[in-house]
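K.L.:
Structure incoming, see below.
The values are calculated or read from the model by the stated rules, or taken from the named source; none is laboratory data. Since this is a predicted model, take the numbers as computed values, not measurements. Using ideal geometry, Cβ is built from the backbone for each residue, glycine included, and neighbour counts are taken over all protein chains shown.
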Amino acid sequence: MDYLFIFMLKVIDYDNVKTLVQSFWTLLNITLLAFFTNIYSLSAQVSKRQQIPIPENINSIFQTSCMPCHGIKGGRLPKGRLNFSRWAGYGAVKEAEKASLICSVLRKGAMPPKKARESHPELIPSKEQIDIICGWAETLKPKNRKK
Ligand code: HEC
């Protein structure tokens with residue numbers, strides 16, 4: 001009689017463990033699913049053209065010539081100086097400052113960097129493109145905004 005009782009206990013125990021394992025497994029699956037869904041949507045974002053609040057004609061120059069280094073996929077050094085992915089959060093003052101800085105490095109021929117200009121001349125913006133960018137930078141200046 002005692003023996004049977006212990007046996008039954010074991011059966012119950014086993015069932016408990018089974019439920020436990022099952023619920024753990026379900027939980028793990030849900031977590032994994034959420035994780036991969038996240039990664040998937042992230043990579044979808046990266047492959048999409050980055051949306052930045054800059055006029056389209058200017059944005060397209062940046063996309064071609066600058067984003068490889070100054071966008072989401074860029075390195076730490078260039079992104080630390082200028083990160084187009086953060087442009088939306090810059091605010092009017094910083095936008096104006098960065099735009100003026102961009103105009104000045106382009107006028108000097110300092111960007112893209114010398115090495116990149118040599119290996120990828122197609123990245124170099126034309127004189128006309130630089131004029132367009134500098135004109136845009138001018139419109140962002142506080143004195144011009146107020147008008
Ligand atoms: C091959 C990579 C690369 C490309 C392409 C590139 N840059 Fe840069 N950029 C850098 C690096 C690296 C730095 C930081 C080092 C430095 O200031 O020289 C930098 C710095 C800058 C700075 C900050 C300069 C300062 O004095 O603080 C500006 C502005 C800039 N880049 C604008 C541009 C613009 C505009 C383009 C596109 C026309 C561009 N860059 C394309 C690599 C790149």
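K.L.:
Before we move on, is residue 108 more than 20 Å from the chain's Cα centre (by Cα), farther than 24 Å from residue 142 by Cα and in the same structural domain as residue 141 (by TED's automatic domain parsing)?
P.N.:
no
K.L.:
Okay, moving on. Is it the case that residue 116 is part of a helix (DSSP H, G or I), within 10 Å of the ligand (Cβ to nearest atom), surrounded by 17 or more Cβ atoms within 10 Å (Cβ to Cβ) and among the small types (Gly, Ala, Ser)?
P.N.:
no
For (1) over 20 Å from residue 77 (Cα atoms); (2) in a helix (DSSP H, G or I); (3) away from the ligand (no atom under 11 Å from the Cβ), each residue gets a yes or a no:
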| position | (1), (2), (3) |
| --- | --- |
| 92 | yes, yes, yes |
| 95 | no, yes, yes |
| 102 | no, yes, no |
| 111 | no, no, no |
| 132 | yes, yes, yes |
